[in-house]
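Written out below as structure tokens is the structure these notes cover.
Any read-out appearing in this document is the output of simple, stated calculations on the displayed coordinates, not a laboratory observation. Please read all numbers here as calculations on a predicted model, not as lab measurements. Here the Cβ is made from the backbone with ideal geometry for all residues, glycine too, and neighbour counts use every protein chain on show.
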């Protein structure tokens, strides 16, 4: 048994566009929260502000990689004849 | 205004609520992000949460007698013993095989096809529990990661429903988020010797939900709890509250917030008497209730 309350896929979380956070119900009645920024930084633990419980978020890091940080791949440059 | 003269039952999901009036009609309010309101036309992204009560469209002639809500799905039992469901079905919690591309069922669907007439319904976080009118046959569907779908000996019957038998008649079916609990009739001859108490539990037990310490955090078998004279029982997300005929209250399970009645905040793995009605005949508990992480006793 892991020390997490559960492992949840990002698709099962609700996205709050205004606050840029993903949330999932916590058994205490509050919500597990992880921000878009935390996901972009590779964090995968959503925390509940009212509880000791933790939620592990399963997601594809590539989907959240911050675009600004992506190196420009020269090989994709189009060669103009 | 809701027609009829009174509301006979209220059921709450995570952010939706259902009402059942005395005419057997179901009304819904709240968020419909996962189709849990059963009302077509609510945007799938939940951008417009319904502001007032709206009747959930039902098959012509249906008269409902019970309602239940998981965090994101809903069930309604009609007077003929048929069960209708709507909302999230990603785990097959509505008894219907999930469609990966559109996992939500946005309007009432008959979900008890292939099952005998049903008497009781209950919903967990991502599973559903039904008890047939014989009061012995249980059907469970949905997530089974924590053995929510019952003992390892249960078998598939129809849709995503699995089934198993109870040793005595069920009085009431309840569900926590990741476990099931059914109140049985009083023990008959020999039951006590065989350890068959009056509450049967299965599923997740890492926080004491099944009133015993379990390996790997879940009980993939039926567990029995013997608290004499239990006449009512309710489940929070991860704890249980039981009322006895003499007005006592017992609790067990998750207690991080003191929600299972123990001020030391330790989880409770053996039913704890939090109110002694026998010793306080003038202050008996008469009713119990709970939210996800809290409990109520009316004395």
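Our summary gives segment A:6-59 a relative contact order of 36 percent, counting only alpha carbon pairs under 8 angstrom and 6 or more residues apart. The tail of the calculated P(r) for segment A:6-59 beyond 13 Å holds 52 percent of all Cα-Cα pairs.
The stretch between residue B:266 and residue B:193 holds 23.2 nm of extra length on full extension. This uses 0.36 nm per residue minus the Cα-Cα distance. The alpha carbons of chain B stretch over 54, 42, 34 Å along the principal axes, in descending order. A protection proxy built from the mean count of other Cβ atoms within 10 Å ranks the segments B:289-298, B:201-210, B:232-241, most packed first, as B:201-210, B:232-241, B:289-298.
Would you mind getting the Kirkwood hydrodynamic radius of the protein assembly as shown from its Cα pairs, rounded to one decimal in Å? Across the protein assembly as shown, the inverse of the average 1/r is 21.9 Å. In the P(r) worked out for segment B:1-125, what percent of Cα pairs fall beyond 18 Å? For segment B:1-125, the share of Cα pairs beyond 18 Å comes to 46 percent.
Only Cα sites of segment B:174-247 enter the Debye sum here, all with the same form factor; the resulting log10 I(q)/I(0) across q = 0.13, 0.19 1/Å is -0.35, -0.74, listed in q order.
Dividing the mean sequence gap of close Cα pairs (under 8 Å, 6+ apart) by how many residues chain B holds gives a relative contact order of 10 percent. The mean number of Cβ atoms from other chains found within 10 Å of a Cβ in peptide A:16-27 is 3, as a whole number. Taking the DSSP beta bridges with both ends in the protein assembly as shown, the antiparallel portion is around 95 percent.
Per-residue mean of foreign Cβ neighbours for B:191-200 is 0 (Cβ atoms of other chains, 10 Å radius). Histogrammed with a bin width of 10 Å, the alpha carbon distances of segment B:164-299 distribute as 14, 46, 34, 7, 0 percent, first bin at zero.
Looking only at segment A:10-25, which residues have a backbone nitrogen under 15 Å from a spot 7 Å from the Cα of residue B:100 in the C-beta direction? Answer for this model: A:11.
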